[in-house]
Amino acid sequence: MGLLDLIKEGGKFSNGIKIQLENDLQRCKYGSISLLTLCSRAAIRGGLSASISYSLMDTYTLAIDNCANVNDIRYINDTIFADYITRVHDAKQNEDISAPIRACIDYINLHIRDKITIKDLSHFTGYSDYYLSHKFKEELGITVNQYVQKEKLAAAKVLLTTEHMNVTQVAEALHFCSQSYFSNLFQKEYGVSPSQYHG
């Protein structure tokens with residue numbers, strides 16, 4: 001059963017909680033939190049790590065709470081949906097990954113706003129830098145640094161669409177060495193500049 005099916009199934013169990021909300025914005029925020037909860041639960045059932053799913057839920061809950069209008073919430077809903085679907089798909093693609101490398105992937109996702117090095121991951125897993133680097137490349141087909149960069153760029157997309165952060169702030173929050181370096185990587189990965197994506 002796919003993520004979309006699980007979300008539809010989850011919607012059958014309730015006609016909604018009858019509460020009085022002050023305005024359309026509050027109603028939309030409440031609906032968005034409900035969608036987020038369903039996505040999070042469905043993603044865990046679909047194979048996404050619970051710690052990653054709950055971490056995403058915290059991030060998106062804060063973003064929803066900070067929304068100033070209904071259009072912002074609609075945009076975040078689309079982002080939530082796409083993000084969870086992509087992550088469940090990636091988790092299913094990576095089912096054959098060994099426990100230490102899966103632990104590294106979870107660590108990277110949970111610490112995406114930190115500066116992450118191979119030393120951090122080798123300390124976390126208890127393996128030597130060399131062994132972990134070799135095993136990571138063997139199982140995922142890319143180096144640790146390439147994987148971290150890819151995940152940081154994916155996180156940048158989320159920050160650019162859900163937080164009130166400009167390109168410089170996003171580059172700093174994700175520990176890119178400079179805004180221009182971040183912009184170049186983003187452009188190569190997604191075909192648009194961070195400014196255009198943020199637009």
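The values are calculated or read from the model by the stated rules, or taken from the named source; none is laboratory data. Since we're looking at a predicted model, the values are computed, not measured. Ideal geometry is used to build each Cβ from the backbone, glycine not excepted, and the neighbour counts take in all protein chains shown. Accessible surface areas use protein heavy atoms only, side chains included; no ligands, DNA or RNA. Shrake-Rupley method; radii C 1.70, N 1.55, O 1.52, S 1.80 Å.
Summary table
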read-out: Residue within the stretch 56-74 that is modelled with pLDDT of 80 or more, touching a Cys at 6+ places or on another chain (Cβ under 8 Å), crowded, with 16+ Cβ neighbours inside 10 Å and β-branched (Val, Ile, Thr) present; value: yes
read-out: Residue list for the stretch 142-199, filter: closer than 26 Å to Ile97 by Cβ and not in a helix (DSSP H, G or I); value: Ile142, Thr143, Leu174, His175
read-out: Scan of the stretch 45-55 for residues that are crowded, with 19+ Cβ neighbours inside 10 Å and more than 20 Å from Ala173 (Cβ to Cβ), ordered by number; value: Gly46, Leu48, Ser53
read-out: Near pairs, Cβ below 6 angstrom, 6+ apart or cross-chain, from the stretch 35-64 (in contact (Cβ under 8 Å) with a residue 12 or more places away in the chain) to any residue that is open to solvent by less than 50 Å² (accessible area, probe 1.4 Å) and among the aromatic types (Phe, Trp, Tyr); value: Leu36/Tyr60; Cys39/Tyr84; Ala43/Tyr84
read-out: His123 vs. criteria over 16 Å from the mean Cα position of the chain (by Cα) and assigned to a helix (DSSP H, G or I); value: yes
read-out: Verdict on Arg27 being charged (D, E, K, R), modelled with pLDDT of 85 or more and more than 21 Å from Glu163 (Cβ to Cβ); value: yes
read-out: Filtered residue count, the stretch 69-93, keeping only those that are free of Cβ contacts under 8 Å to residues at least 24 places away in the same chain and either part of a loop (DSSP other than H, G, I, E, B) or more than 17 Å from the chain's Cα centre (by Cα) (or both); value: 2
read-out: Test: Ser53 is among the polar types (S, T, N, Q) and more than 29 Å from Leu132 (Cβ to Cβ); value: no
read-out: Qualifying positions in the stretch 106-145 - under 23 Å from Ala156 (Cα atoms) and polar (S, T, N, Q); value: Asn109, Thr117, Thr143, Asn145
read-out: Test: Tyr30 is touching a residue at least 12 places away in the same chain (Cβ under 8 Å) and open to solvent by 50 Å² or more (accessible area, probe 1.4 Å); value: no
read-out: Restricting the stretch 142-178 to residues that are touching a residue at least 12 places away in the same chain (Cβ under 8 Å), open to solvent by less than 80 Å² (accessible area, probe 1.4 Å) and polar (S, T, N, Q), the residue that is nearest to Leu110 (Cα to Cα); value: Gln149
read-out: From the options Lys115, Lys188, residue that is of a type in the set (Lys, Arg), open to solvent by 20 Å² or more (accessible area, probe 1.4 Å) and touching a residue at least 24 places away in the same chain (Cβ under 8 Å); value: Lys115
